[in-house]
Structures are given as C-alpha cells and as structure tokens.
Amino acid sequence: MTVSIWRYSHLLLALASALFLTIASLTGIVLAFEPMQNAVQPYHIAGSEKLSLSETMVALNSSYDEVLSLEIDANDFISASVITKSGESETIYIHPKTAEKLGSPKAQAPIFQFATNLHRSLFLKGLGRFFVGLVSFLLCLIAITGLFLILKRQGGLMKLFSKVQKEYFELRYHVIFGRLFLLPIIIIAATGVYLSAEKFSLLPENTTIHELKNAKTEVDLSIEASELPIFKTIVLKDVKSVNFPFSKAPEDYFEVSLSDREIYVHQYTGEVLSEIQYPFTVLASRWSTLLHTGQGSFLWSVILLLASVSILFFIYTGIVMWRRRTKNTKIDRVDKDECSHIILVGSETGSTFGFAKLLKQALVKSGKSVFLGKLNSYSTYKKAQHLIVLTATYGDGQPTTNARKFEQLFKTVQATKKVQYSVVGFGSLLYPRYCSFAVTVENLLDASPYFEQTIPLYKINNQDERSFLDWAKKWEEKTSVSLKIKFPEKKKKQLKKNSFRVVEKTDLNKDDTFLIRLRPEKNIQFQSGDLAAITPKQDNFERLYSIAKIGDDILLSVKKHKFGICSPFLSDLAIATRMNIRIKKNPDFHFPRQAKSVVLIANGTGIAPFLGMLFENIGKIPVHLFLGLRTKKSLQLYSDMLSNARAKEYVSTVNIAYSKENQKKYVQDLLKDNIKIISETLSEGGAIFICGSLAMQHGVLEVLDDITYTELKKPLSDFEQQQQLKMDCY
C-alpha cells in the first residue's frame, strides 16, 4: 500500500472526526482532574493493603451497631455502609485498622457531571453513545495510520525514536508528540471502543449465576465471622467489596468480590458456598474503565490529561500542515511547452515547493518563462532550455509521493531536444540515505544523452536557506541568469541588545581578514560558539558572527568584503568605539566538557569559535584542529593564540592545509590523511565540530561519510543522531 493511501486515510479520518474529537478532548481534559482530585484526598492509609479482611471486620463490629457492606475503590479508599450506635445509617470512609470515620463520600461535582454526560453521549443518549464509540474507533485508525506514516518518514521501526528532521514547527512537533503520545492515545481509543461496545451489549454476557452448596444446618451460632480462617487469609488488596449477611440466620451469607473471583461464604463455618471466577469480559471492563478514566492513579490521570491536550494539538497542527501542503503544491496553469525554464519538484510535506516558488519568482524577474510542476508530471517540453529538479527524499531513500512515478516516466517519455539540467536534493544528515532520491534523479539525467549538467548535484541539509542561496549563486555564475532570491522575513524573538566597546583590532592581512575584540559594558553570559548578531548603521539587517570567548571578551574573525556592508563597517571601527550587539545562544555548538576527544574542522574565518573553545579545554582532553587557509601568511593572524594553546596542552595536534601554496591542499585532504583520528574520535563517543563555508562543509561531510562507512561500518547519520556531529556553516 502506498504512502499516499495511508496519508489520505489519515487525513480523511481526522477531518471526519475532528469536531467530535475536539469535544471529547476538551471534556477529557476536564475529567482528568477528577481522579487527580480524588487521589489527593486523605482517605488512603499507608500499609492498609497488607491488613487482613478479618482485622477490619473486628474493628467495624466493635465500633458500629451493624455493618451492611464494605467497598474498596481504585484509590484504595475503604468505605462502609453502617448503622451507628445511635441508630443512624451512614456511608463513610473508615480507617481499616480502627474503623474510625475519616470522612463521607461526596456527590460528583456539577462540572464533572456535565463533562461526563457530554463526554459519554453528547447529551443525545443512545445516539450520542454510538457517535462517541464510532469516534473512538476512528481515533484508533488515526493513530495506526499516523504510526505507519511516522515509520515511513523515520526510515523504519528501529529508527522510530531517532531525531526528527528540523522543519517548520507544526510538522516537526506533530511527529515528536505523535511518537510520545501514540500509546496513551491508542489506549484511550481502544478502551473507549470497548466500553461503548459493552453499553450496546455487543460483548458476551458476563452475568455470574451462583449455585449454592447445601450448608450445614447444625452450626455454632456464637462464632464471630471475623474469627473464621478464610477472612484471616484474605488481604484487603485483593478485596473489591463485601456484602454482609442480612440477618444472623444460618442461611444468610457473605458476598465477597475479590480481584479475580466472587465467593459466597457461610457466616458461621467459613465454608465457601459458591465460587465463580470472573470471565475475561469482566476483567477487561474493569481495566478499560481504569485506563480510560485514570481512576486510582494520579500519574496516569496526568498522562491522560496530556494525551487529551495533545489530541487538540494534533488537530491544530494537522490543519496547518494540510493547508500548507495544499497551498504550496498548487501548480501553475501556464503552458509547459511555451516555457524555457522547467522546475520539477518532489516534496512530501510541501516545504520544497516553497523553495521552488521563490526560484520561479527570481527567474520570472529575470525575464524567463517558467513552468513549475511535480516530478510525477514529467513530460516533454518543446521550448525548454533548462531543467531544475528540487526534490526531497522520503523515509529510507524512497521518492516522495508526488515523485514516485518519475523513474518510470523518465524511461518511457522520449526527450526531443537537449536540455541543461541541475538537481538540488533536500534532506537531513540524520538519515543514512541522505538525499538518496536526488542522487537517483541525478544519475538518470546524467545517463541520458538529451541532458547536460549545468552544475553538480547540490545537497541541502535541513532546508537551510543559506545553502539554497549558495546553490543559486553557483547556478547564476554558470548560466549568467540573475537570481535575486529573497526569503520572507521570519518573526524573530527580540533578543536584548548589549553594549560592547572595541578594545583591540588587527590590521587587514593579505586575505583582507582581521580580528576584532569587543568587551561588554556589563557582565553578560555567553560561550564560544554562540552568535553575535550585528546590525551595521547602513541597513537594518542583522549579520551573525560565531563568537570566541576570550576572558570576558568577544573575539570575532572577519573577512572584509569589497562590496559588503557589515564587514567594512566592523573594519572601520576605531578603538574604544561603542556598539550594540545581540547575543544569540547556540547551545548545540558549545565545547563538550564530557567528551573523551574532540575534532575541530574549519576554514578561513570559521576558526573563530575554536580559538575560544581551545582555552575551555581545562581537562586537557585530546583536541585535534584541522584548519584550511589560503597561504602560510594567513596563519599569522592566529599563530600566537594557537602557540599559546599548544604550550598549555589545550590542543593535541594542529593540522593546516593551504589552498594557494605550491602544493594545493584543502581541509578535507587533511581528514583523508588522518582517518585514524577521525574514526577513533567517533567510535569513542567524541565530537566533531565543523565551522566555515558551506562549500567546505559539503566536501568535509563527503569525506566523513566515506570514513564512517569504510572504517566504522556505519553511516555518518548515526553519529549525528548521537549528537557527535555539530555544524555552524555559512
């Protein structure tokens, strides 16, 4: 069965039951407080479950004129119907050892009565009960189809609880909370179905009919029931209720309901006159009630409360996902055969379509005619000059729903002219088959004589916007077509601005790079790896720079760009100049104090946070730095700090590659020469940090992936899931 069938089943079931599920969830939230409220009442006596029924009977008989019945509820509160010494009839909570009155049962609060009736029958009696039972059944199906979709998305059962790919909030937490509350929701739904079936007599009859033995007629009427051996062996934890004999006549008896059976006991001999084991339906009904209502368990009531809240959250996020998916995947009605640029998309959630639409807008602004479609609609395009494929990968390397027909179509549709092509893969390094389907598409196009590659396959991790802009820049340089892609402004949390003073700044080196040291005017908390958000006076756009913390100061490594705005602004700052900076916490990129070893990989100004991290290595764990620079003179900017770190044994090895010297070498080449360090760091649970350009990141990741496969027999994604791979590239 295809993913689309499961998805549409999940969607249709949710839409059909959304209103009733909303009512059931809201009332479920209210009702979850009732067992919590009951559980904290002071009627439970610690250790009472170990007392024998005989001990409680002795206490009751000595304290009251007559005892009619005894009952123990799910909270282990013991209530008794008694006639007091003064002749009054009462139902009270008692102390099981002394029979002291602890309180009286209270009627259900009006709000809980209202919520119970609405929850059970929608105030429609039998018809309402039917709808509630039906919705419970639909909720079971929704949970099952949702589980299947999560399994497909995560890549199988073994990866069900692996890290979820970072996408927009509603989608990501729909998956995260879906995994977390799957079991409680299935329990709520299944028990709701069972209780509804019981109300409509759809289950086997569970009536218990006793056949009494012939009891002895000659008995000692002076024997107290509490002295009978059978009551001394029954402990209160096994007792549900006891109905005392109506009179002292020998033919009247005790009716005792236990956890698993019901017995009738002769009040003078202790003989069991009849015993019936409860059938499965009785036990199932009892457990269904407890699991559905939370009676007797404060913790389970809290879980039911959270599960009810989560259902409302799933309804909201599901609607957002549905609207976003349908909105993003609407296809233009332009004539495909009249367009010079064809964009085909493979997207499971609709997110990739967002990138495609921005690309189309940029191409249209450059005067190009553009057709935007799904990979499933692949066809011939009479005037096509460029084909751009943007595709995600679903689950364990599979095509997305709207791209699953592409391979077959590509083999059957005969191209009529030669076309330039470019493939962009969207995925997450959390998954072993990272951008696998994009690789498949690339290979198909590359093998065809009708398609000529514009630029190599470009992979984008976690829908990173900077990576997409980097691809656009490369494509723009190759085709000479201007791509002015602008992502919509996101609502950002307004971070507090702090005042800093320039205390040190180096001259520009041969690479137009400099170091600038900034001291906060007030004491603030930050770490190496956090980000400094700087807004130059010339515009209102923040730029992010990775921080090195040196003492209490910020140290930034900046390359001055000739036509830039922020880097010239920083380069022109004089000593003692004050400026406002927002500090953006980046906890995923902090030096790990508990790691056995650490590898730091950087190129150019990406070394900045590592200059601070080295001096955080107070424990002197093995730290290996791999740095890519242009020339040997480029190193002079950082040589003093690196020498100091070496002298203090904060860094074990420093490996440097120079890309503009006689023997051109890049940082990824250093990794190939130090496979043992990389493999040992990962196998021992150490961490690898990468900071620098996106181009460097792509090259490094390919090398790391090769190393983990060949040396450790594992994909790189396994180590990212274990938080051993940390990246901050731009």
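The values are calculated or read from the model by the stated rules, or taken from the named source; none is laboratory data. Model, not experiment: these values are computed from the prediction. We place every Cβ from the backbone using ideal geometry, glycine too, and count neighbours over all the protein chains shown.
Listed by position, the strands (runs of 3 or more DSSP E) contained in the range 520-611 that have at least 2 residues being closer than 24 Å to D640 by Cα and out of contact with any Phe, Trp or Tyr (no Cβ under 8 Å at 6 or more places or on another chain) are 553-559.
What number of residues within the range 626-666 are aromatic (F, W, Y) and closer than 21 Å to S597 by Cβ? So the answer is 2. Restricting attention to the range 68-109, the residues being touching a residue at least 60 places away in the same chain (Cβ under 8 Å), among the hydrophobic types (A, V, I, L, M, F, W, C) and within 17 Å of S52 (Cα to Cα) number 3. Residue pairs, Cβ under 9 Å, 6 or more apart or interchain, first in the range 118-137 and within 11 Å of V193 (Cα to Cα), second of a type in the set (D, E, K, R). List them. Every condition considered, the pairs that remain are R129/R120; R129/K199; V132/R120; G133/K199. When the range 625-652 is filtered for residues that are touching a strand residue (DSSP E or B) at 6+ places or on another chain (Cβ under 9 Å) and either among the charged types (D, E, K, R) or assigned by TED's automatic domain parsing to the domain that holds T513 (or both), the ones remaining, listed by number, are R630, K632, R646. Here S693 does not fit the description of being within 26 Å of L544 (Cα to Cα), polar (S, T, N, Q) and surrounded by fewer than 16 Cβ atoms within 10 Å (Cβ to Cβ).
Here F500 does not fit the description of being within 29 Å of the chain's Cα centre (by Cα) and either over 30 Å from D718 (Cα atoms) or assigned to a helix (DSSP H, G or I) (or both).
Is at least one residue of the range 653-662 of a type in the set (D, E, K, R), farther than 14 Å from H624 by Cα and either in a helix (DSSP H, G or I) or not assigned by TED's automatic domain parsing to the domain that holds C729 (or both)? No, the range 653-662 has no match at all.
Is it the case that the range 601-609 has a residue that's without any contact (Cβ under 8 Å) to a residue 40 or more places away in the chain and in contact with a strand residue (DSSP E or B) (Cβ under 8 Å, 6 or more places away or on another chain)?
Quick first cut of the range 601-609, residues without any contact (Cβ under 8 Å) to a residue 40 or more places away in the chain only: none.
Taking every residue of the range 601-609 in turn, none turns out to be without any contact (Cβ under 8 Å) to a residue 40 or more places away in the chain and in contact with a strand residue (DSSP E or B) (Cβ under 8 Å, 6 or more places away or on another chain).
Can you confirm whether G156 is among the small types (G, A, S), assigned by TED's automatic domain parsing to the domain that holds R120 and surrounded by 18 or more Cβ atoms within 10 Å (Cβ to Cβ)? Write out each step before concluding.
Numbers: among the small types (G, A, S): yes; assigned by TED's automatic domain parsing to the domain that holds R120: yes; surrounded by 18 or more Cβ atoms within 10 Å (Cβ to Cβ): no.
Spelling it out, it is not the case that G156 is among the small types (G, A, S), assigned by TED's automatic domain parsing to the domain that holds R120 and surrounded by 18 or more Cβ atoms within 10 Å (Cβ to Cβ).
Against the test of being surrounded by 13 or more Cβ atoms within 10 Å (Cβ to Cβ), out of contact with any Pro (no Cβ under 8 Å at 6 or more places or on another chain) and among the β-branched types (V, I, T), the options I547, I565, I581, I575 yield a single qualifying residue, I581. Name the single residue that is farthest from the chain's Cα centre (by Cα) among those in the range 401-420 being more than 19 Å from Y450 (Cβ to Cβ) and at pLDDT below 85. The selected residue is N402. Within the range 669-695, the set of residues being touching a residue at least 40 places away in the same chain (Cβ under 8 Å), assigned to a helix (DSSP H, G or I) and touching a helix residue (DSSP H, G or I) at 6+ places or on another chain (Cβ under 6 Å) comprises L671, I678, L682, L694. Condition test on V623, is it touching a helix residue (DSSP H, G or I) at 6+ places or on another chain (Cβ under 7 Å) and farther than 22 Å from D530 by Cα? Spelling it out, it is not the case that V623 is touching a helix residue (DSSP H, G or I) at 6+ places or on another chain (Cβ under 7 Å) and farther than 22 Å from D530 by Cα.
For first residues located in the range 397-411 and at positive phi and in contact (Cβ under 8 Å) with a residue 40 or more places away in the chain, partners that are part of a loop (DSSP other than H, G, I, E, B) and surrounded by fewer than 24 Cβ atoms within 10 Å (Cβ to Cβ) and lie 6+ apart or on another chain with Cβ distances below 6 Å form the pairs G397/R433. Determine whether N586 is within 20 Å of L694 (Cα to Cα) and assigned by TED's automatic domain parsing to the domain that holds G692. No, not satisfied.
Of the residues making up the range 610-643, those that are free of Cβ contacts under 8 Å to residues at least 12 places away in the same chain and either polar (S, T, N, Q) or surrounded by 17 or more Cβ atoms within 10 Å (Cβ to Cβ) (or both) number 2. If you go through the range 262-281 and keep only what is under 55 Å from the mean Cα position of the chain (by Cα), surrounded by fewer than 17 Cβ atoms within 10 Å (Cβ to Cβ) and not in a strand (DSSP E or B), you end up with P279, F280, T281. For residues that are closer than 13 Å to S62 by Cα and of a type in the set (A, V, I, L, M, F, W, C), scanning just the range 79-93, find the one that is surrounded by the most Cβ atoms within 10 Å (Cβ to Cβ). Applying the filter and picking the extreme gives V82. Restricting the first member to the range 373-392 and to residues that are farther than 13 Å from H341 by Cβ, and the second to residues that are modelled with pLDDT under 90 and assigned to a strand (DSSP E or B), the beta-carbon pairs closer than 7 Å and six or more apart or on different chains are A392/G427. Summed over the range 706-718, residues that are buried (at least 17 other Cβ atoms within 10 Å of the Cβ) and not in a loop (DSSP other than H, G, I, E, B) total 5.
Restrict the check to the range 433-451 and report whether at least one residue is among the basic types (K, R) and in contact with a Phe, Trp or Tyr (Cβ under 9 Å, 6 or more places away or on another chain). The answer is no, given that none of the residues of the range 433-451 is among the basic types (K, R) and in contact with a Phe, Trp or Tyr (Cβ under 9 Å, 6 or more places away or on another chain).
One line per residue, one yes/no per condition, for (1) touching a Pro at 6+ places or on another chain (Cβ under 9 Å); (2) in a strand (DSSP E or B); (3) outside the structural domain of F451 (by TED's automatic domain parsing):
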| site | (1), (2), (3) |
| --- | --- |
| I343 | no, yes, no |
| T352 | no, no, no |
| K360 | no, no, no |
| K368 | no, no, no |
| L390 | no, yes, no |
| N402 | no, no, no |
| E407 | yes, no, no |
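Screening L70 with (1) within 14 Å of S241 (Cβ to Cβ); (2) in a helix (DSSP H, G or I) gives one miss only, at (2).
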